[in-house]
Amino acid sequence: MIQRNLVTCAGIVLALALAVAPTPAQQGKKVYISVDMEGISGINGDDQTAAGGAEYGRARKLMAEDANAAIRGAFEGGATDVLVNDSHGGQRNLLPEDLDPRARLISHSFKRHGMMEGLDESFDAVIFVGYHAKADSPRGVFAHTGSGVVKDLVVNGKSVGEGGMNARLAQWFGVPVVMVTGDDVAVEQQKETVPNVRGVVVKRAINTRAVELRPLAEARREIQTAARESVAAATTVPPERVRGDVVRANSYTVRMQFRNVNIPEVATAFTEVRLVAPDTVEFTRTSMPDAYRLIRVLYRFINPD
Ligand SMILES: [Zn+2]
């Protein structure tokens with residue numbers, strides 16, 4: 001009887017051990033957070049988003065607060081490693097001393113993968129914080145794509161903003177974009193490339209400038225909760241680069257329409273860049289990171305002035 005009880009006890013102990021043992025999906029997750037500025041809680045002015053603007057100092061603190069809410073949530077949701085990439089303008093807005101000390105920070109804009117620098121297939125989830133609507137959206141605070149020179153960016157026939165372009169890169173690596181924060185238009189547009197993304201609307205765009213701001217504490221609470229829940233639920237997806245239809249998966253045709261003809265004209269120095277209209281170029285690359293790098297060169301590193 002005693003022996004039988006011991007066996008039963010051993011069985012119970014084993015069952016309990018199996019119940020609490022982490023499955024691979026529950027082990028520490030690696031989370032990537034790209035933080036832009038226009039879609040941050042409390043921000044709606046040029047003097048906030050431009051380095052040197054009168055309210056820039058305040059705005060970068062607000063940016064750190066939204067980022068920190070996402071970082072806290074990510075750790076609560078099972079992350080053991082969080083990488084933050086400063087993704088706005090010169091990309092030196094976040095001060096390391098303002099950031100949750102558990103997170104690592106990538107700073108400065110001279111990087112090939114810009115808003116997605118440092119992402120690779122080792123991550124389990126991507127979070128976009130402070131994102132905005134794409135260029136020429138009729139509504140959406142500070143709507144633009146990449147920089148002020150782009151009128152439209154089309155990847156494989158689909159018009160995308162920064163959130164869409166960045167999601168395509170994450171999809172290439174097989175890392176799910178689990179959450180986005182920004183104004184209501186940015187969140188809605190993100191669903192076009194990531195239908196199941198968890199959205200946190202921190203402000204309502206009245207037009208491209210005026211906004212209705214949510215109370216800061218309430219917005220940050222929701223960011224933290226959403227980050228916790230979406231990181232906990234994150235499951236990796238098959239990377240696009242090895243999906244069955246090799247021809248489709250490995251061909252990225254990019255069309256970029258600019259606000260003037262200057263950049264398109266000089267961009268044809270890249271032999272694969274075709275001029276398809278005076279203000280529009282097109283090119284095809286065989287990987288999304290490769291396409292991403294050229295998109296970035298074209299909108300950021302050619303200066304007609
Ligand atoms: Zn941006």
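The values are calculated or read from the model by the stated rules, or taken from the named source; none is laboratory data. Bear in mind that the values here come from a model prediction, so they are computed numbers and not experimental data. Every residue, glycine as well, gets a Cβ built from its backbone with ideal geometry; the counts of neighbours run over all protein chains shown. Surface areas here come from the heavy atoms of the whole protein model, side chains and all, with no ligands, DNA or RNA. Shrake-Rupley method; radii C 1.70, N 1.55, O 1.52, S 1.80 Å.
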Candidates Glu188, Glu212, Glu65, ranked by Gaussian network fluctuation over the chain, Cα under 10 Å, top entry | Glu212
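When the solvent-accessible surface of protein heavy atoms is calculated with a 1.4 angstrom probe, in what order do Ser34, Ser287 fall, highest first? Walk me through the intermediate numbers first.
Details: Ser34 0, Ser287 20 Å².
Ranked list, largest accessible area first: Ser287, Ser34.
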At 1.4 Å probe size, with no ligands or nucleic acids counted, give the accessible surface of Asp124 in Å², nearest ten.
-> 40 Å²
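In debye to the nearest 20, how big a dipole does the chain give about its Cα centre with +1 on each Lys and Arg Cβ and -1 on each Asp and Glu Cβ? Walk me through the intermediate numbers first.
Working: 36 positive and 36 negative charges, 111 e Å.
Dipole of the chain, to the nearest 20 debye: 540 debye.
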When you have a sec, figure out the Kirkwood radius of the stretch 22-85 from all distinct Cα pair distances and drop it here in Å to one decimal?
-> 13.0 Å
Enumerate the calculated ³J(HN,Hα) couplings along the stretch 176-181 in order (Karplus 6.51 cos²θ - 1.76 cosθ + 1.60, θ = phi - 60°), each rounded to whole Hz, writing x wherever the residue is Gly or Pro.
-> x, 7, 9, 7, 9, 10
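Based on the Cα gyration tensor of the chain, what are the three equivalent ellipsoid semi-axes, each the root of five times an eigenvalue, rounded to whole Å and given largest first? Display every interim value, and only then the final one.
Working: eigenvalues 296, 124, 48 Å².
Largest first, the chain gives 38, 25, 16 Å.
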Interchain or long-range residues, amide H under 5 Å from Gly140's placed H | Asn207, Thr208
Phi-based couplings in Hz for the stretch 200-207 (Karplus 6.51, -1.76, 1.60; Gly and Pro marked x) | 10, 8, 9, 7, 10, 6, 7, 8
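Suppose only helical runs count, i.e. DSSP H with n ≥ 4. What mean residue ellipticity at 222 nm does that imply for the chain under -39500 (n - 2.57) per run, divided by all residues and rounded to the nearest 500 deg cm²/dmol?
So the calculated ellipticity at 222 nm is -11000 deg cm²/dmol.
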Distance from the Cα centre of the stretch 61-88 to that of the stretch 204-232, in angstrom?
-> 14 Å
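Let me check something: with ligands and nucleic acids excluded, how do Thr280, Thr208, Thr286 order by accessible area (1.4 Å probe), largest to smallest?
Putting Thr280, Thr208, Thr286 in descending order of accessible area: Thr286, Thr208, Thr280.
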In whole angstrom, largest first, the equivalent ellipsoid semi-axes that the Cα gyration tensor gives for the stretch 189-234 are 22, 17, 4
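Given the stretch 163-305, report the % of alpha carbon pairs whose separation exceeds 23 Å.
The proportion of pairs with Cα distances above 23 Å equals 52 percent.
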Once amide hydrogens are built 1.01 Å from N within the peptide plane, the residues lying 5 or more places from Asp81 or on another chain with amide H under 5 Å from its amide H are Lys29, Val31
Top of Pro195, Pro96, Pro239 by mean-square fluctuation, Gaussian network on the chain, Cα under 10 Å | Pro195
Which value, in Å² and to the nearest 10, is the accessible area of Thr271 when all protein chains are kept and the probe is 1.4 Å?
-> 130 Å²
Straight-line reach check, Lys158, cutoff 21 Å on alpha carbons, 8 or more apart in-chain or any other chain, hits among lysines -> Lys134, Lys191
Could you calculate the FRET efficiency of Lys158 with Glu212 from 1/(1 + (r/R0)^6), where r is the beta carbon distance between them and R0 is 35 Å, rounded to 0.05?
-> 0.75
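Of Thr236, Thr145, which has the most accessible area with a 1.4 Å probe, and how do the rest follow in descending order? Intermediate values should be presented prior to the final figure.
Values: Thr236 85, Thr145 5 Å².
If we order Thr236, Thr145 from most to least accessible, we get Thr236, Thr145.
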Calculate how many DSSP beta bridges within the chain are antiparallel, expressed in % of all such bridges and rounded to the nearest 5.
-> 45 percent
When the gyration tensor of the stretch 138-203 is built from Cα positions, what are the square roots of 5 times its three eigenvalues, in whole Å, from largest to smallest?
-> 18, 17, 9
Ordered by residue, what ³J(HN,Hα) values in Hz, to whole numbers, does the stretch 77-91 give under the Karplus form 6.51 cos²θ - 1.76 cosθ + 1.60, where θ = phi - 60° and Gly and Pro are x?
-> x, x, 6, 10, 8, 10, 10, 9, 10, 5, 10, 10, x, x, 6
